[in-house]
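Heads up, the thing below is written out as structure tokens.
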Amino acid sequence: MRTKFKAWTVPYLEEHQEVLIKVEELPFVSFASYSLEIGSGKGQFLIDMATKFPHLCFIGVERNTTCAGITAKKLVENPLNNAKLIYDNADEVLMNIQDNKVDNIFLNFSDPWPKKRHWKRRLSAPQYLESYYRILKKGGRLIIKTDNPALFEFTKEMMENSKFKLISITDDYQEIEEFDAMTEYEKSFRDQGVAIHRLVMEK
């Protein structure tokens, strides 16, 4: 689902640098490590996780201007010292994170890139899995949720050829685990009765 462009988000991001962070500044404040949500969308998952776990740090990564602006607005309206947003693309961010620094990586309802020629852009493609494995700490987890069965099957296949260890796999994820929160898309999917697929891997 594409988000309609909202012009107000462009100046808003410029005016509210306090909720943004650059990858070179990680980690920040008193947090030695952090969790990443790559493709943070409109930010509800980021806000809810940071609220539920104030002793942990959560960083959203979002390249879409409108989504980033909406997330920034939520962060301004819900001041949290353990949540920030990186307004940049995932490739640039991953390339600049040092090894063994991240506690968890969340991929929530990523773009399925349905055409085969675009599969290399999927966030569970081999080059991304290699980057996640590199930046995660030992025991760090990669947690994926999607409504797209084709993307889920692709991801399972890619995982089998990766260095990750499988922790859990769920074709119809109904209960929300303690260390989790719903995104805006997830709530909509659940209301429609769409099955949520979830996969947890560990380094």
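Any read-out appearing in this document is the output of simple, stated calculations on the displayed coordinates, not a laboratory observation. Note that this is a predicted model, so its numbers are computed, not measured. With ideal geometry, Cβ positions are generated from the backbone for all residues, glycine too; neighbour counts draw on all protein chains shown.
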May I ask what percent, to the nearest 5, of DSSP beta bridges between residues of the chain are antiparallel? 35 percent
Place a point 7 Å from Cα of ASN89 in the direction of its Cβ. Which residues in segment 28-65 have their backbone N less than 20 Å from it? 37-42, 60-65
Would you kindly state how much longer the chain becomes between GLN127 and ASP99 on full extension, computed as 0.36 nm times their sequence separation minus their alpha carbon distance, in nm to one decimal? 8.6 nm
Suppose R0 equals 22 Å; then what is the FRET efficiency for GLU178 and SER33 from their Cβ-Cβ distance, rounded to the nearest 0.05? 0.70
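Taking only C-alpha pairs under 8 Å that are 6+ residues apart, what is the relative contact order of the chain in percent?
Relative contact order comes out at 21 percent.
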